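Here the structure is laid out as structure tokens; the discussion comes afterwards.
The values are calculated or read from the model by the stated rules, or taken from the named source; none is laboratory data. This one's a predicted model, so the numbers in the text were calculated from it and none came from an experiment. Because the Cβ atoms are built from the backbone with ideal geometry, glycine has one as well, and the counts that use them run over all protein chains shown. Side chains are part of the model used for accessible areas, which takes the heavy atoms of the whole protein and leaves out ligands, DNA and RNA. Shrake-Rupley method; radii C 1.70, N 1.55, O 1.52, S 1.80 Å.
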Amino acid sequence: MHDLVIRGGTIVDGSGNPRFVGDIAVDGGRITAVGHISVPGREEIDAAGLMVTPGFVDIHTHYDGQATWDAEMAPSSWHGVTTVVMGNCGVGFAPAAPDRHQWLIGLMEGVEDIPGTALAEGLTWDWETFPEYLDALEKKARTIDVATHVPHGAVRAYVMGERGARNEKPTEDDIAAMAAIVADGVRAGALGFSTSRTILHKSIDGELVPGTTAEKDELIAIGRAMGEVGHGVFEMASDLKREWDEFGWMAQMSRETGLPVTFAMLQSIAKELPWEEQMAETARANADGANIVAQIALRGNGILMAWRGTVHPFKFKPSWAAIDAAPWDEQWACISNPEWKAKLLAEPDVYPESDVQMLLMAVAQGFGLHYEMGDGFDYEPTQAETVAARAAAAGKPPAEYAYDLLTANGGTGFIYFPILNYADGNLDFVEGLLDRDDVVISLSDGGAHCGTICDAASPTFLLQHWVRDRKRGTVTIENAVRRQCHDTARLYGLNDRGLIAPGYLADLNIIDMDRLKLGKPWLAFDLPAGGKRLLQKADGYVATIKCGQVTFRDGTMTGALPGGLIRGPQAVPAAAALAAE
């Protein structure tokens, strides 16, 4: 008798091969048979008419703090994700000198918009070194597996103190010490190293992430240290300034070490290279022996603006500044007062000093780039759905229309402002990228940007929008599942998951594609110390299974916690290796 048998599902196995109807047997947390299975299971799930996929592997998240206190790992776990890689963009919480705890919290709060009060209350800090941080992660059972990078910002500050925090040039001894820490972290089980090289990433005090201006010798030395260990992915978010010659040193590092280098590839106001040039440089480097992989987002990276969110169009009005820190009850009393509304709308915007001044102006006045979010919102909206167009149709000034939109239903309205990946007013450029081998689906930022973004739902968006509903052209479900399961897992050496075949981990989703639908986002205040975060659920996930145990049934957590910490690359299962021979 098998532990679990899933019967009669339409299996999309993650390989990219055509779907087929069959059964799946699970024993000891792994898949033991696929096809027609006559032997019964202790538990059986009827999947007739449903899609069965591998569990989704999300390689760009920021659960570094949440993973130390939370077992559910929402919202990613609500969207079929069974494995996450965190510690991206050069930020994290180890290594951590005892006098640097609050500084690391401020860095994460500024870069990833995770409430500092929540981190201060939730983090236990029962570690200093990176291996000790992995030990702390290993103590916690969860619904999903977690893995992580060694973050450049924390390493630089640990080795160089204030000099590192201020992005000063390191000495040769500093570089050697940083490389040694990264090597120790990778030996202990980190899947790689991450760094940030963008002006968009700043601490809560406005300081650039340590490592932003690091030079080639520092970066390559760290890459070489991972190469000597024998594994590791070098992950980077960068403005790709031409003078930095990012593709030059990335290619050199990859060719010399044999390791993959992956970077965030976006249509971005901060990047000097347009996306076409980013991809051309990637292809050129790889043709010369490098292994560079572009991480792409599936939709416009957008701010969800709300009265209680991190930003909204009236953030820079003097009247709002006067109540910005007030409790919500006091804010709502003002917002719902017609006289206060008229006063605020008549005021000019007052912007703080910033090197992203144009972005702040677009937040406050870019109503031709803002979209009204309602039930069943299409994340590839048209110009007719902008706040400016809707306001014109309603005969209202756009600012007043936006105000009323946010104020609806007790102040729970949202405006979508896609600041990245939506320069063309559509996602056509992403469609072509989904067929390229030098691209991987990523950039969900699960666990981060708690008051501005909720892209942890990306796997659901992939299936609902790109596979089923997109009017401008869809992709096959076979390709979509391969990209979100097999390809993401293989980039990080996780060769034990991402496929439905004997020997692989029994990480699975059972999905009703007809019912699959993203819910409306909402702001919750459920982090430690009442910290806020944007959340979004979905209908249609009949079951999510981790290591053979049902962790979510119809979107509700069952209480099973089979997930743990991944230490280092994972081998191809013996059964799969024999089958391949």
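Restricting attention to the stretch 118-135, the residues that are of a type in the set (A, V, I, L, M, F, W, C) and closer than 20 Å to Gly446 by Cβ total 4. Of everything in the stretch 123-141 that is open to solvent by 70 Å² or more (accessible area, probe 1.4 Å) and touching a residue at least 24 places away in the same chain (Cβ under 8 Å), the residue that is farthest from Cys547 (Cα to Cα) is Thr124.
Residue-level analysis places Gly92 outside the set of residues that are at pLDDT below 95, open to solvent by less than 10 Å² (accessible area, probe 1.4 Å), closer than 12 Å to Val209 by Cα and not aromatic (Phe, Trp, Tyr). Counting only strands (runs of 3 or more DSSP E) wholly contained in the stretch 1-63, the ones carrying 3 or more residues that are open to solvent by less than 10 Å² (accessible area, probe 1.4 Å) and closer than 22 Å to Leu516 by Cα occupy 2-11, 51-54, 56-58. Cβ-Cβ contacts under 6 Å between residues 6 or more apart (or on different chains), taken from a first residue in the stretch 355-376 that is farther than 30 Å from Arg470 by Cβ to a second residue that is surrounded by fewer than 18 Cβ atoms within 10 Å (Cβ to Cβ) and at pLDDT 95 or above, are listed as Leu360/Tyr351; Ala364/Asp349.
Every residue, every condition in (1) touching a residue at least 24 places away in the same chain (Cβ under 8 Å); (2) among the aliphatic types (A, V, I, L, M); (3) surrounded by fewer than 22 Cβ atoms within 10 Å (Cβ to Cβ), yes or no:
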site	(1), (2), (3)
Thr407	yes, no, yes
Phe417	yes, no, no
Leu420	yes, yes, yes
Leu433	yes, yes, yes
Ser442	yes, no, no
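Among the candidates Ser38, Ser76, the residue that is closer than 30 Å to Trp127 by Cα and at pLDDT 95 or above is uniquely Ser76.
Looking at Ala326, is it open to solvent by 20 Å² or more (accessible area, probe 1.4 Å) and either among the aromatic types (Phe, Trp, Tyr) or not in a loop (DSSP other than H, G, I, E, B) (or both)? In short, no.
Condition check ((1) surrounded by fewer than 24 Cβ atoms within 10 Å (Cβ to Cβ); (2) aliphatic (A, V, I, L, M)) across all residues:
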{"residue": "Leu463", "(1), (2)": "no, yes"}
{"residue": "Thr474", "(1), (2)": "yes, no"}
{"residue": "Ile477", "(1), (2)": "yes, yes"}
{"residue": "Gln484", "(1), (2)": "no, no"}
{"residue": "Arg497", "(1), (2)": "no, no"}
{"residue": "Pro502", "(1), (2)": "yes, no"}
{"residue": "Asp512", "(1), (2)": "yes, no"}
{"residue": "Lys520", "(1), (2)": "yes, no"}
{"residue": "Ala524", "(1), (2)": "yes, yes"}
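Please work out if Arg224 is touching an Asp or Glu at 6+ places or on another chain (Cβ under 8 Å), farther than 30 Å from Ser354 by Cβ and either of a type in the set (D, E, K, R) or not in a helix (DSSP H, G or I) (or both). For Arg224, the condition - touching an Asp or Glu at 6+ places or on another chain (Cβ under 8 Å), farther than 30 Å from Ser354 by Cβ and either of a type in the set (D, E, K, R) or not in a helix (DSSP H, G or I) (or both) - is met.
The residue list Gly211, Gly248 contains one member that is assigned to a helix (DSSP H, G or I), over 20 Å from the mean Cα position of the chain (by Cα) and within 27 Å of Ile269 (Cβ to Cβ), which is Gly248. The residue of the stretch 352-379 that is modelled with the lowest pLDDT, among those that are surrounded by fewer than 14 Cβ atoms within 10 Å (Cβ to Cβ) and over 21 Å from Ala392 (Cβ atoms), is Asp355. For the stretch 295-322, what are the residues that are among the small types (Gly, Ala, Ser), free of Cβ contacts under 8 Å to residues at least 40 places away in the same chain and either open to solvent by less than 10 Å² (accessible area, probe 1.4 Å) or touching a Lys or Arg at 6+ places or on another chain (Cβ under 9 Å) (or both)? Hits for the stretch 295-322 are Ser319, Ala321.
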